Amino acid sequence: MLNFSSDYTNGAHPEVLRRLVETNDEVLTTYGSDVYTESAKVKIRAACGAPEADIYFLAGGTQTNLTVISGMLGLCGAAVAAETGHIALHEAGAIEYTGHKVLTVPHRDGKITAEALEACLRGFYADDNHTHMPYPGLVYISHPTEYGTLYAKAELEALRAVCDAYDIPLFLDGARLGYGLASRQTDVSLSDIAALCDVFYIGGTKVGALCGEAVVFPRGNAPRHFFTIVKQHGALLAKGRLCGVQFDALFTDDLYLRISRHAIDCAERLKAILRGKGYRFFMETATNQQFVVLENAQMARLCEQVAFGYWEPFDEAHTVVRFATSWSTREEELAALAEIL
């Protein structure tokens, strides 16, 4: 069975795993106070061009989203997200579980536009009853989006301008950030994200690590007691070395981008295969996620040999599905898929 269902079905990249094995017998301090975690922070600050950044390592993406949003919003407030945003659809109500509502706005190919955001914020404050409503206290976006699309730098700058006008922080979910940075069609760099966002995270779980995400507050602007907030939300690893060693490896010799580029190269090859076989694309993406429309009977037959992600109904007879490549995708897997298709 070929597996293109997700980008975190494999373990860790061999270089990451090698460093975990090499450091396994070392006695290190706990909760992220070890030398490898500190080294990883230094390397990430340099890669972001943010020497004053506060950096925290959390266990996984859902824990990261709810911890950052809860920490930034405090006791009350809501997160503004696209209707298709991950926190609105695919996190089991984790944000609401912390007592913070998710306010959704219309999307364009999975992205929030500055116009839609401004309309949401203006409408809220124009309502005479807004003091009785959950106030929009944070803007959540992901890059890449749930549809594998990317924000252009100009789009991020436009969102930043609206956030500044309404004094609201911008949070970028980077669970798949490596694949966005490595895309052949992006004009956004890690330093651009650090300059334009109030907080973001660098995904490890889906980009070569066993687990872990690196949260970056680029201007040293983490909420007070954020370390305690992380622990309170169950996102702090006692063996903090696990994240520290992995991210130290990922940010050594450009490994994070190198393995992400491999996934993009595989995705471009996958796209060519699908197009050559006459498959219909749901939308064009330049990242590791490719969405196609399958006739339902065809989908059922293909499921017998290939694992892929069910996404959403297209119409009564067709379904949108997702094929994902990753740092671990092999050329022989793509060749075998071409034969099956």
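Electrostatic tally near L73: other residues with Cβ closer than 13 Å to its Cβ, Lys and Arg +1, Asp and Glu -1, net -1. Taking a ≥ b ≥ c as the square roots of the eigenvalues of the alpha carbon gyration tensor, the chain is oblate, as a/c is not under 1.5 and a/b does not beat b/c. Only beta bridges with both residues in the chain are counted; by DSSP, about 60 percent of them are antiparallel.
So which residue, out of S189, S70, S142, gets the largest mean-square fluctuation from a GNM of the chain using Cα contacts under 10 Å as springs? Among S189, S70, S142, the largest GNM mean-square fluctuation belongs to S189.
Each residue in C211, C197 was given a count of other beta-carbon atoms within 10 angstrom of its own, and listing them fewest first yields C211, C197. With an 8 Å cut-off on Cα pairs and a minimum separation of 6 or more residues, tell me the relative contact order of the stretch 141-189 in percent. Relative CO of the stretch 141-189 lands at 52 percent.
Inter-part distance, the stretch 304-319 to the stretch 129-163, computed on C-alpha centroids, equals 29 Å. With contributions of -39500 (n - 2.57) from each DSSP H run of at least four residues, the per-residue ellipticity at 222 nm computed over the chain stands at -12000 deg cm²/dmol.
Reducing the stretch 259-298 and the stretch 1-55 to their Cα centroids gives an inter-centroid distance of 29 Å.
Local charge for C266 was computed over the other residues whose Cβ lies under 9 Å away, with Lys and Arg +1 and Asp and Glu -1, and equals -2. Measuring between alpha carbons in the structure, the pairs from K206/K271; K41/K101; K153/K239; K41/K271 lying more than 28 angstrom apart are K41/K101; K153/K239; K41/K271. The mean sequence distance of close C-alpha pairs (under 8 Å, at least 6 residues apart), as a share of the length of the chain, puts its relative contact order at 26 percent. Among Y31, Y36, the ranking by other beta carbons within 10 Å of each residue's beta carbon, starting with the fewest, stands as Y31, Y36. Between T30, L270, A79, the Cα set farthest toward the positive side of the dipole of the chain (charges on each charged residue's Cβ, about the Cα centre) is that of T30.
With a/c under 1.5 counting as rounded, go ahead and sort the stretch 1-46 into rounded, prolate or oblate using the C-alpha gyration tensor (a ≥ b ≥ c being the square roots of the eigenvalues; past the cut-off, prolate if a/b is larger than b/c, else oblate). All intermediate terms of the calculation are to be shown ahead of the outcome.
Details: a/c = 2.91, a/b = 1.84, b/c = 1.58.
Note, shape of the stretch 1-46 comes out prolate.
Here, each number is a calculation from the coordinates, and none is a lab measurement. If you're wondering where the values come from, they're calculated on a predicted model, not measured in any experiment. Every residue, glycine among them, receives a Cβ derived from its backbone with ideal geometry; neighbour counts consider all protein chains shown.
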